[in-house]
Amino acid sequence: MKKFIFKIFLWIFIILLLIFSIIAALGYFKYKDAIKEISLIDKVQEIRGNDNYTKLEDISDDYKNAVVAIEDHRFYNHNGIDIISMVRSTYFNLKIKSLYYGASTITQQVGRLLYFTQEKSPIRKVAEIFVAFDLEKNYSKDEILELYLNLMYFGNGYYGIHDASYGFFDKSPKDLTFYEATYLAGLPNAPSVYSEDDKLGEERRLQVVEAMKKYGYINE
């Protein structure tokens, strides 16, 4: 009986390993196809060449801190992926049999925004991980964060912190107040929801503030 149970678990392990290997291979090929079309260096240069591209030093500290706190509080400590978040989200997704919970770091999100669509699939997730490793190898954390802040979508047709800051508050990203900074930091999670509903937008802003308190960016 023990041998039979062992064989069952062994076969389950082999099948799962095979599935994982196939997904990993397909994700790698997707990544290779993407960077073959345009290299990471060239893609980044293209983004930086946009007229409204904003340097990190020209963005409010409150806004930068708010984004890191709510999106990826271990951003400056990981190598592109956050194993703790990945394990936690995998557990919850298996529990609800869905891909609802994400665990993408800021670096992974930059990889996705540079090359891929919003489609939720394990293959795309693997592909963005490979791009994340390339980003971490070629760019500093501040450079990656800068790219992220210039690629995010805020709703109402605004892409990047420059357009969002002027679009919502008619001021430069450097001059955002704490309220404005925390409001904008919350929008990209669900732009079409939070930018259109004042009540939900404020609830999300307060989540950002709580995250900043939790991770030491502000005190009571």
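Put a plus charge on the Cβ of each Lys and Arg, a minus charge on the Cβ of each Asp and Glu, and nothing anywhere else: the dipole of the stretch 36-88 about its Cα centre is then about 260 debye.
Counting Lys and Arg as +1 and Asp and Glu as -1, what is the net charge of the other residues whose Cβ lies under 12 Å from the Cβ of LYS174?
Working: positive: LYS55, LYS64, LYS171; negative: GLU57, ASP58, ASP61, ASP62, ASP175, GLU180.
Spelling it out: positives minus negatives among the neighbours equals -3.
So for each of 127-133, 44-50 I average, over its residues, the number of other beta carbons within 10 Å; can you give me the resulting order with the highest mean first? Let's see the in-between values first.
Values: 127-133: 23.6, 44-50: 13.0.
Per-residue Cβ counts within 10 Å, averaged per peptide and sorted highest first, yield 127-133, 44-50.
In the chain, the DSSP-assigned H stretches of four residues or longer account for a calculated mean residue ellipticity at 222 nm of -21500 deg cm²/dmol, using -39500 (n - 2.57) per stretch and the full residue count as denominator.
From the alpha carbon centroid of the stretch 102-130 to that of the stretch 132-150 is 14 Å.
Taking N as the number of residues in the chain, what value does Rg over Cα atoms divided by 2.2 N^0.38 Å take?
Numbers: Rg = 19.5 Å, N = 220, 2.2 N^0.38 = 17.1 Å.
Normalised Rg, Cα atoms only: 1.14.
Excluding same-chain neighbours fewer than eight residues apart, the aspartates and glutamates reachable from LYS125 by a Cα-Cα span under 16 Å are ASP33, ASP82, ASP134.
Note on the chain: dipole from Cβ charges, positive end direction compared against ALA69, HIS162, ILE83; the farthest Cα belongs to ILE83. Cross-link reach is defined here as a Cα-Cα straight distance under 18 Å, omitting same-chain residues fewer than 8 places apart; for LYS64 the lysines meeting it are LYS55, LYS141, LYS171, LYS174, LYS213, LYS214.
Taking the Cβ of TYR215 as the center, what net charge do the other residues with Cβ under 15 Å away carry, scoring Lys and Arg +1 and Asp and Glu -1? Intermediate values should be presented prior to the final figure.
Working: positive: LYS64, ARG74, LYS213, LYS214; negative: ASP61, ASP62, GLU71, ASP72, ASP82, GLU210, GLU220.
The answer is -3.
Over all other residues within a Cβ to Cβ distance under 12 Å of MET152, the charged ones net out to -2, with Lys and Arg as +1 and Asp and Glu as -1.
Any read-out appearing in this document is the output of simple, stated calculations on the displayed coordinates, not a laboratory observation. Everything quoted here is computed from the prediction, not taken from an experiment. Glycine also receives a Cβ, built like all others from the backbone with ideal geometry; neighbour counts cover every protein chain displayed.
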